[in-house]
Every structure is written in structure tokens, then in C-alpha cells.
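The values are calculated or read from the model by the stated rules, or taken from the named source; none is laboratory data. All values reported here derive from a predicted model rather than from experimental measurement. Glycine gets a Cβ as well: all are built from the backbone with ideal geometry, and neighbour counts include every protein chain shown. Surface areas here come from the heavy atoms of the whole protein model, side chains and all, with no ligands, DNA or RNA. Shrake-Rupley method; radii C 1.70, N 1.55, O 1.52, S 1.80 Å.
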Amino acid sequence: MYRVGYPDGVTEQRPEDEGDRRPAPADSPVKPPAIRASDADRDRVAEILREALAEGRLDAEEHSERIDAVYRARTRAELEPLVSDLPGGQPSVAPSPAPAPGA
């Protein structure tokens, strides 16, 4: 048996095999579901890596390691770190739309 305490001061005893079934605190961050990477996502990242190799930002060995990781990646989150330190991997800021004529 073990004792479980709740924020309102209530305690209860539970058998060892029951576990703690209190809900997660409201302030704990909820992770969004991982978005699966598409072939287009992988191709975009591979192109950024090819450009980095051509510009001399990556050597052939590091390029090879990252390309292998690109094609093993299952989610977009796995792709992001592979190009986060390269210029083409930085999020782009879209320009503000032009006002409509006559507005």
C-alpha cells in the first residue's frame, strides 16, 4: 500500500499494483501529435543539404550522414535538426500581402 496526496489535502491509500491515476497537472505542456514526413518534405531537406555541400558548408562525410538520416526520418520533427544550422533550413518570413488596389 502507498499513500496518494492531492492538492486539496485529501489523501488515500492504494495497493502497490494500482499505480498513480491522478490526472496530469493542467500546466504540463501537451505535445501536438508528430506529423509524418512526406517524400516532398524529405526532398526539400535533401536539396538544402546538396546546396550546403556545394557551398562548402558541409563536407562529404557530414553530408552523407545527414542524407542517410533524411531518408530514415519518419516525422517532420526528425528532419528539422538536420538543416537547422544551415541558411536554407531557417524558417522564412513571408512578406506582408500588398494592399488591394483602391483600398
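For the stretch 39-85, the fraction of 1.4 Å probe accessible surface lying on carbon and sulfur atoms is 44 percent.
Evaluating 6.51 cos²θ - 1.76 cosθ + 1.60 at θ = phi - 60° for every residue in the stretch 65-72, the Karplus couplings come out as 4, 5, 5, 4, 5, 4, 7, 8 Hz, glycine and proline recorded as x.
Grab the beta carbon distance between Glu65 and Lys31, set R0 = 35 Å, and tell me the FRET efficiency rounded to 0.05.
Numbers: r = 27 Å, r/R0 = 0.77.
Plugging the Cβ-Cβ distance into 1/(1 + (r/R0)^6) gives 0.85.
Scanning residues 5 or more positions from Thr75 or on other chains, those with amide H under 5 Å from its amide H are Ala37, with H placed 1.01 Å from N in the peptide plane. Summarising the label geometry, the points placed 7 Å from Cα in the beta-carbon direction at Asp39 and Ser84 lie 2.9 nm from one another.
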